[in-house]
1. Tell me yes or no: at least one residue of the range 156-178 is within 26 Å of Arg104 (Cβ to Cβ) and not assigned by TED's automatic domain parsing to the domain that holds Glu206.
2. So Leu139 ticks every box in (1) outside any strand (DSSP E or B); (2) in the same structural domain as Asn20 (by TED's automatic domain parsing) but one. Which box is left unticked?
3. Could you please find all residues in the range 67-82 being surrounded by 12 or more Cβ atoms within 10 Å (Cβ to Cβ) and either over 10 Å from the mean Cα position of the chain (by Cα) or not in a loop (DSSP other than H, G, I, E, B) (or both)?
4. For Leu131, all conditions in the list (1) assigned to a helix (DSSP H, G or I); (2) out of contact with any Ser or Thr (no Cβ under 9 Å at 6 or more places or on another chain); (3) modelled with pLDDT of 95 or more hold save one; what is the number of the exception?
5. Whether any residue in the range 115-136 is under 30 Å from Lys51 (Cβ atoms) and either free of Cβ contacts under 8 Å to residues at least 24 places away in the same chain or of a type in the set (A, V, I, L, M, F, W, C) (or both) is what I want to check.
6. Being in contact with a Gly (Cβ under 8 Å, 6 or more places away or on another chain) and part of a loop (DSSP other than H, G, I, E, B) is the filter here; which residues of the range 29-44 pass it?
7. Considering only the range 48-66, state which residues are assigned to a loop (DSSP other than H, G, I, E, B) and either modelled with pLDDT of 90 or more or in contact with an Asp or Glu (Cβ under 9 Å, 6 or more places away or on another chain) (or both).
8. Which residue out of Leu123, Leu100, Leu158 is loosely packed, with under 12 Cβ neighbours inside 10 Å and part of a loop (DSSP other than H, G, I, E, B)?
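The values are calculated or read from the model by the stated rules, or taken from the named source; none is laboratory data. Given the structure is predicted, the values throughout are model-derived calculations rather than measurements. Quick reminder, even Gly has a Cβ in these numbers, built from the backbone with ideal geometry, and neighbours come from all protein chains shown.
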Amino acid sequence: MMTIAGQPFLTDFQTQQLINQFAQKTDLNVTQISTQQVFVLSRELLGEEQKKALDLLGVKEQTSLEAATERQIQVIVSPRFGTISPWASKATDIFNNCELKINRIERVIVYTLTLEGATEDKLPTAAERLLYDRMTQSLVYDLNDVNKLFDDEPPASLNHIDVMGAGRSALESANTTFGFALSSDDIDYLMHAYVNDLQRNPTDVELMMFAQANSEHCR
């Protein structure tokens with residue numbers, strides 16, 4: 001794996017909006033946020049290959065990622081592990097068409113938060129949710145962990161959600177675990193469809209497909 005540090009991700013206006021959200025929705029006193037794009041490649045590039053990669057990514061020179069200080073927490077948001085982002089599909093094609101043969105390139109965002117008062121190693125859940133979408137992204141605290149993007153694991157087996165036995169609570173638990181973002185009305189609809197009409201348990205894949213079709217990400 002190779003990483004290339006890029007330009008800031010958010011504008012000044014977007015950054016201030018995010019700081020305001022932390023003030024409104026969490027107990028954290030976030031005084032400053034910096035963001036940086038980091039490009040993650042499936043293999044090391046050297047010499048002319050690296051120079052060409054920097055040109056394609058609009059990076060003037062290879063720089064180091066800014067490290068967090070004592071009063072800062074650094075959070076890395078990547079595409080969801082086990083998926084390939086649309087950005088990666090396009091960028092990988094461009095690299096290969098420009099004779100830079102790589103299996104994949106992804107883009108992750110590094111958030112560095114400056115806080116007043118004592119800092120923990122990790123953010124509380126409410127704060128994490130302001131930085132990423134659990135349906136399409138993963139959040140980690142160590143840049144080395146994004147290497148999981150390139151893990152080639154066999155497909156997982158289907159799991160059934162036991163609404164026939166455990167009832168609505170099983171679907172509510174799956175909604176929280178998988179981050180489906182289903183509303184109460186959505187859960188009512190699915191319970192009626194599977195318990196009354198189909199009379200069987202839904203699979204996790206079926207629920208994910210429903211959630212995606214019902215989400216703003218697919219509109």
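1. Kept after step one, since they are within 26 Å of Arg104 (Cβ to Cβ), are these residues of the range 156-178: 156-157, 178.
Going one step further and asking which of them are not assigned by TED's automatic domain parsing to the domain that holds Glu206, we end up with 156-157.
Yes, that holds for at least one residue.
2. Result: Leu139 passes all but (1).
3. First pass over the range 67-82, keeping only residues surrounded by 12 or more Cβ atoms within 10 Å (Cβ to Cβ): 68, 71-82.
Those that are surrounded by 12 or more Cβ atoms within 10 Å (Cβ to Cβ) and either over 10 Å from the mean Cα position of the chain (by Cα) or not in a loop (DSSP other than H, G, I, E, B) (or both): Ala68, Arg71, Gln72, Ile73, Gln74, Val75, Ile76, Val77, Ser78, Pro79, Gly82.
4. The one condition Leu131 does not meet is (1).
5. The first filter runs over the range 115-136 and keeps only residues under 30 Å from Lys51 (Cβ atoms), leaving none.
The answer is no, given that none of the residues of the range 115-136 is under 30 Å from Lys51 (Cβ atoms) and either free of Cβ contacts under 8 Å to residues at least 24 places away in the same chain or of a type in the set (A, V, I, L, M, F, W, C) (or both).
6. The answer is Asn29, and nothing else.
7. Of all residues in the range 48-66, those assigned to a loop (DSSP other than H, G, I, E, B) come to 58-66.
Of everything in the range 48-66, those that are assigned to a loop (DSSP other than H, G, I, E, B) and either modelled with pLDDT of 90 or more or in contact with an Asp or Glu (Cβ under 9 Å, 6 or more places away or on another chain) (or both) turn out to be Gly58, Val59.
8. Values: Leu123 fails: loosely packed, with under 12 Cβ neighbours inside 10 Å; Leu100 fails: loosely packed, with under 12 Cβ neighbours inside 10 Å.
Among Leu123, Leu100, Leu158, only Leu158 is loosely packed, with under 12 Cβ neighbours inside 10 Å and part of a loop (DSSP other than H, G, I, E, B).
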